[in-house]
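Enquirer: Dropping a structure here in structure tokens format, bear with me for questions.
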4 protein chains.
Amino acid sequence: MIDGHKWFTTGADGAAFCIVMAVTHPDAPPHMRASMFIVPMDTPGVQFVRNIPVMGEAGSGWASHAELRFQHCVVPESALLGGEAMGFAIAQQRLGPGRIHHCMRWIGISERAMDMMCARAVSRVSGGKPLSHRQSVQNWVAEGRARLEAARLLVLETALRIERDGSRAARAHISMIKFLVADVMLDILDRAVQTHGALGMTDDTVLAYLYRHERASRIYDGPDEVHKSVVARQEFSRWEKKK
Amino acid sequence: MIDGHKWFTTGADGAAFCIVMAVTHPDAPPHMRASMFIVPMDTPGVQFVRNIPVMGEAGSGWASHAELRFQHCVVPESALLGGEAMGFAIAQQRLGPGRIHHCMRWIGISERAMDMMCARAVSRVSGGKPLSHRQSVQNWVAEGRARLEAARLLVLETALRIERDGSRAARAHISMIKFLVADVMLDILDRAVQTHGALGMTDDTVLAYLYRHERASRIYDGPDEVHKSVVARQEFSRWEKKK
Amino acid sequence: MIDGHKWFTTGADGAAFCIVMAVTHPDAPPHMRASMFIVPMDTPGVQFVRNIPVMGEAGSGWASHAELRFQHCVVPESALLGGEAMGFAIAQQRLGPGRIHHCMRWIGISERAMDMMCARAVSRVSGGKPLSHRQSVQNWVAEGRARLEAARLLVLETALRIERDGSRAARAHISMIKFLVADVMLDILDRAVQTHGALGMTDDTVLAYLYRHERASRIYDGPDEVHKSVVARQEFSRWEKKK
Amino acid sequence: MIDGHKWFTTGADGAAFCIVMAVTHPDAPPHMRASMFIVPMDTPGVQFVRNIPVMGEAGSGWASHAELRFQHCVVPESALLGGEAMGFAIAQQRLGPGRIHHCMRWIGISERAMDMMCARAVSRVSGGKPLSHRQSVQNWVAEGRARLEAARLLVLETALRIERDGSRAARAHISMIKFLVADVMLDILDRAVQTHGALGMTDDTVLAYLYRHERASRIYDGPDEVHKSVVARQEFSRWEKKK
């Protein structure tokens with residue numbers, strides 16, 4: 001029997017079933033407390049409350065994040081996914097690769113925004129010369145390119161380490177790219193918007209969409225603050241041993 | 001007869017008339033080229049194209065920014081506002097006060113975001129303690145408060161100078177607050193969103209709305225880059241005389 | 001009898017006496033543990049170890065920071081300053097005004113660096129035009145001026161509050177200017193150095209001296225981190241009551 | 001016959017000879033105007049003015065930067081280095097590799113500063129817990145590590161491109177690492193100083209030396225501003241062709 005309240009259930013709208021991670025062993029050590037279950041959306045007690053509006057858009061279908069309630073929701077034993085108390089272990093296996101996948105996507109978004117910023121800068125004339133002749137715009141483009149190249153290489157290095165050493169060993173690298181690439185992307189998006197002026201605020205280009213929705217990159221799959229603490233702990237650990 | 005294409009006509013949707021600033025004396029010096037006219041929206045040739053969608057919202061009524069077209073639109077002499085070729089002069093008179101009004105509004109938005117950030121930080125427990133016990137959140141709140149107090153005082157000083165010396169004499173101060181207060185506000189909004197986590201991305205609080213729409217503060221009424229160049233020119237002018 | 005090891009004793013080199021703050025009541029509450037004593041430098045047991053070299057300069061006379069050792073150093077009862085266990089109270093009385101005095105000095109240093117940056121920018125020609133025509137330099141000057149004006153007003157507001165309400169009531173304001181003005185000054189100094197190019201690195205101008213020595217502004221009289229936590233606590237306190 | 005005034009002649013103090021780059025063909029295109037000469041320091045007319053004091057230290061021997069004057073200084077034809085008007089070509093050949101060498105050195109300095117920051121953070125107890133338990137210090141270490149790993153990879157990528165495609169083809173990459181690695185290093189040094197508190201200001205560790213002298217990294221071998229404009233031009237060039 002499942003009781004609970006879940007926020008940001010991506011794609012619940014229109015889904016046939018959901019995977020629920022529920023505490024089944026409350027007294028076990030933290031990483032052994034939860035189990036996963038496949039729960040059909042039409043199970044009695046599963047209530048689809050709403051698609052949560054995010055940055056102005058509630059979304060629908062796969063592009064949505066639902067609020068769900070589970071009230072005395074009975075699921076059979078066969079619904080169990082991967083063994084009792086294995087919820088955390090299963091989730092972890094997905095999260096490392098999930099995070100690098102986000103970073104790869106952000107590199108792509110950053111490239112697209114760089115392209116749009118450059119194309120705009122060479123074509124838009126203001127005060128008698130193209131924006132590309134303004135030193136501020138040149139600085140934005142140069143800093144964006146340098147940071148983006150460096151970030152891309154760190155993502156590739158991380159991918160290599162995941163493949164070679166496994167997600168667990170590459171954990172600090174995964175945390176590093178999680179906050180570094182998000183920062184690089186948001187900075188480039190901000191400057192691409194500025195280069196487009198009022199047009200950058202409109203939905204006549206994709207920039208305004210990316211500007212508002214990709215802000216979530218610093219929050220989902222662990223906020224910056226958590227990932228920074230993971231990296232710091234690993235750095236300090238080498239020195240604590242030497243003491 | 002007016003021909004033209006105007007973007008971002010605030011509140012044109014549902015308006016009875018608009019004020020058109022048109023070039024009437026193309027060969028005059030730049031600040032003597034334009035005149036202003038009152039043009040009823042039902043004048044033949046005035047075409048309401050659409051409300052431009054901005055950061056996901058097309059808006060309506062006064063909260064909208066329309067794209068308008070004027071094609072061979074005939075207006076009588078009586079439509080002239082404030083004298084021939086006086087368009088620039090009239091607009092300037094409004095822009096100084098208009099800009100400080102925005103800055104005052106941004107101070108208010110910043111206070112509201114500070115309140116929400118603090119209220120959230122003391123009430124939200126994560127990892128066994130409230131967010132307000134985390135040094136990162138403390139830094140955000142302290143830096144936000146310090147920068148906001150300093151910015152507020154500069155807005156008040158600018159208001160004093162406008163009243164005492166006039167908009168023109170206070171021009172560099174108006175430019176300073178235009179880019180400084182926008183920067184302070186956007187920074188506070190960004191941190192308030194981060195403090196709220198996923199909730200900060202939703203429209204369940206006002207923060208997501210402010211985050212995406214107030215980004216325009218660095219663009220409208222002159223982008224940051226123009227205002228910085230105004231301030232720099234004034235700074236340099238004292239030294240150019242001494243050379 | 002005093003035993004101890006003191007770092008950064010400003011002006012000990014050449015001094016006739018020093019004021020020692022020593023723990024005399026180790027079991028009292030923290031703010032009642034220390035007393036102050038006037039100790040002649042020639043008291044047996046007072047050892048002047050060295051002037052500590054800071055950013056390349058050991059200094060001498062009043063412009064120095066000494067390492068001192070006190071070994072079984074006997075002082076008479078008449079050496080006591082202001083009452084037993086009053087050390088903390090006396091020190092606090094000085095620290096609020098001491099901090100705003102630093103901030104005022106930093107405003108002055110910032111003005112001097114702004115002057116030097118502007119004078120250099122209008123006179124130095126590179127690539128066929130003066131540096132003052134480069135947008136990057138314009139941005140540095142404009143941002144510096146805006147932040148400096150805002151910071152100055154916050155220092156004045158803090159002075160007013162100290163006078164009107166006392167140091168204690170103005171505590172959060174004193175902390176705010178401590179980290180805000182230091183940040184503004186160091187940023188302006190950095191940009192003034194960059195505007196001077198290689199000359200900015202030399203001791204042919206005062207900038208290199210200020211660049212390296214004023215870095216201490218973020219450390220002495222409480223590091224940034226402590227002052228930010230003071231401000232944050234005050235902000236949060238209003239919300240904790242409302243809970 | 002050579003006449004001129006040269007600043008920042010590294011290692012002139014104690015040198016047997018210097019290499020002079022002099023304009024010999026003033027009417028040729030810019031890159032064909034200068035020739036290089038080997039000039040013994042005891043040649044009549046060569047005047048060693050002084051070692052220029054940089055950030056508090058005049059230096060001596062190889063660790064110095066001299067001001068030299070050349071007055072009617074006669075050199076024989078055999079002093080010519082590498083052919084008439086070849087000065088620019090010779091210098092360019094050295095500058096690409098010279099710049100990446102600096103970047104490699106800065107990576108090393110950054111690693112050293114990271115080590116010192118971590119070692120200090122785990123050993124220094126303040127307010128009852130080690131600095132490594134403070135979130136601000138954790139953020140500094142995590143951000144430093146992430147940016148440093150990314151920067152290192154970009155330096156390696158640049159080295160690969162120089163080897164594979166030549167300095168000229170790798171020009172934008174060389175410019176990118178020139179300003180990116182300097183920025184990463186100076187940021188890490190600043191935070192390492194802060195982590196050490198007052199000790200970080202003293203010459204009891206190497207940090208204060210690095211903090212003040214490595215500031216030059218953003219100036220020598222081309223200031224940031226020049227390298228950013230190189231990168232921006234290359235970015236824009238792809239888009240200008242498409243117009």
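Enquirer: Give the residue that is nearest to C:Ile109 (Cα to Cα), with candidates limited to residues of segment C:201-243 that are acidic (Asp, Glu), more than 8 Å from chain B (Cβ to nearest Cβ) and in a helix (DSSP H, G or I). Walk me through how you get there before you give the answer.
Expert: Initially, segment C:201-243 is screened for residues acidic (Asp, Glu), giving C:203-204, C:214, C:221, C:224-225, C:235, C:240.
Those still in the list that are more than 8 Å from chain B (Cβ to nearest Cβ) too: C:203-204, C:214, C:221, C:224.
Retained after the next criterion (residues that are in a helix (DSSP H, G or I)): C:214, C:224.
Values: C:Glu214: 9, C:Asp224: 19 Å.
Only one residue tops the list, namely C:Glu214.
Enquirer: For a quick check of your reading of the model, give me the residue pairs whose first member lies in segment D:50-78 and is of a type in the set (Ser, Thr, Tyr), whose second is crowded, with 19+ Cβ neighbours inside 10 Å, with beta-carbon atoms closer than 6 Å and at least 6 apart or on different chains.
Expert: D:Ser60/D:Asp13; D:Ser64/D:Asp13; D:Ser64/D:Asn51
Enquirer: Quick check on segment B:223-237. Is at least one of its residues of a type in the set (Phe, Trp, Tyr) and either closer than 28 Å to A:Ala182 by Cβ or in contact (Cβ under 8 Å) with a residue 40 or more places away in the chain (or both)?
Expert: Within segment B:223-237, none of the residues are of a type in the set (Phe, Trp, Tyr) and either closer than 28 Å to A:Ala182 by Cβ or in contact (Cβ under 8 Å) with a residue 40 or more places away in the chain (or both).
Enquirer: Quick test for you: out of D:Ala192, D:Ala151, pick the one residue that is under 30 Å from C:Ala208 (Cβ atoms), within 9 Å of chain A (Cβ to nearest Cβ) and either surrounded by 24 or more Cβ atoms within 10 Å (Cβ to Cβ) or among the hydroxyl-bearing types (Ser, Thr, Tyr) (or both). Before the answer, list the steps.
Expert: Working: D:Ala192 fails: within 9 Å of chain A (Cβ to nearest Cβ).
After ruling out the rest, the residue left standing is D:Ala151.
Enquirer: Would you confirm whether any residue within segment D:82-102 is within 30 Å of D:Arg147 (Cβ to Cβ) and either part of a strand (DSSP E or B) or among the charged types (D, E, K, R) (or both)?
Expert: There is at least one residue in segment D:82-102 that is within 30 Å of D:Arg147 (Cβ to Cβ) and either part of a strand (DSSP E or B) or among the charged types (D, E, K, R) (or both).
Enquirer: Right, here's the next one. Any idea which of (1) facing chain C (nearest Cβ under 9 Å); (2) in contact with an Asp or Glu (Cβ under 6 Å, 6 or more places away or on another chain); (3) not small (Gly, Ala, Ser) is the one B:Glu143 doesn't satisfy?
Expert: Every condition holds for B:Glu143 apart from (2).
Enquirer: Given the residues D:Arg152, D:Arg145, D:Arg134, D:Arg233, which is the only one that is at pLDDT 95 or above and either closer than 30 Å to C:His65 by Cα or in contact with a His (Cβ under 9 Å, 6 or more places away or on another chain) (or both)?
Expert: On inspection, the qualifying residue turns out to be D:Arg134.
Enquirer: Which count do you get for residues in segment C:9-34 that are without any contact (Cβ under 8 Å) to a residue 60 or more places away in the chain and either touching a strand residue (DSSP E or B) at 6+ places or on another chain (Cβ under 6 Å) or under 30 Å from D:Met55 (Cα atoms) (or both)?
Expert: Final tally of qualifying residues: 13.
Enquirer: Of everything in segment B:60-71 that's part of a strand (DSSP E or B) and surrounded by fewer than 17 Cβ atoms within 10 Å (Cβ to Cβ), which residue is farthest from the other protein chains (Cβ to nearest Cβ)?
Expert: B:Gln71
Enquirer: Within segment C:93-119, which residues are in contact (Cβ under 8 Å) with a residue 12 or more places away in the chain and either among the β-branched types (Val, Ile, Thr) or farther than 30 Å from C:Arg134 by Cβ (or both)?
Expert: C:Gln93, C:Leu95, C:Gly96, C:Pro97, C:Gly98, C:Arg99, C:Ile100, C:His102, C:Cys103, C:Met104, C:Ile107, C:Ile109
Enquirer: Restricting attention to segment B:48-59, and to residues there that are modelled with pLDDT of 95 or more and not in a strand (DSSP E or B), which single residue is farthest from B:Ile38 (Cα to Cα)?
Expert: It comes out as B:Met55.
Enquirer: Please enumerate the residues belonging to segment A:154-182 that are more than 9 Å from every other protein chain (Cβ to nearest Cβ), charged (D, E, K, R) and either under 30 Å from C:Arg134 (Cβ atoms) or assigned to a helix (DSSP H, G or I) (or both).
Expert: Within segment A:154-182, A:Arg161, A:Glu163, A:Arg164, A:Asp165, A:Arg171, A:Lys178 meet the criteria.
Enquirer: Evaluate segment A:191-214: report whether one residue or more is charged (D, E, K, R), at pLDDT below 95 and within 19 Å of the chain's Cα centre (by Cα).
Expert: So far as segment A:191-214 goes, no, none of its residues is charged (D, E, K, R), at pLDDT below 95 and within 19 Å of the chain's Cα centre (by Cα).
Enquirer: Of the numbered conditions (1) at pLDDT 95 or above; (2) under 17 Å from the mean Cα position of the chain (by Cα), D:Arg112 fails exactly one; give the number of that condition.
Expert: Looking at each condition in turn, D:Arg112 falls short on (2).
Enquirer: Please specify each residue of segment A:72-106 satisfying the condition of being surrounded by 17 or more Cβ atoms within 10 Å (Cβ to Cβ) and charged (D, E, K, R).
Expert: If the condition is that a residue be surrounded by 17 or more Cβ atoms within 10 Å (Cβ to Cβ) and charged (D, E, K, R), then A:Arg99 is the only one that fits.
Enquirer: With the structure loaded, tell me whether B:Thr9 is on the phi < 0 side of the Ramachandran plot, of a type in the set (S, T, N, Q), assigned to a loop (DSSP other than H, G, I, E, B) and surrounded by 13 or more Cβ atoms within 10 Å (Cβ to Cβ) or whether it fails that test. If you could, list the steps in order and put the result at the bottom.
Expert: Values: on the phi < 0 side of the Ramachandran plot: yes; of a type in the set (S, T, N, Q): yes; assigned to a loop (DSSP other than H, G, I, E, B): no; surrounded by 13 or more Cβ atoms within 10 Å (Cβ to Cβ): yes.
Criteria not met by B:Thr9.
The values are calculated or read from the model by the stated rules, or taken from the named source; none is laboratory data. Because the structure is predicted, anything quoted here is derived from the model rather than measured. Because the Cβ atoms are built from the backbone with ideal geometry, glycine has one as well, and the counts that use them run over all protein chains shown.
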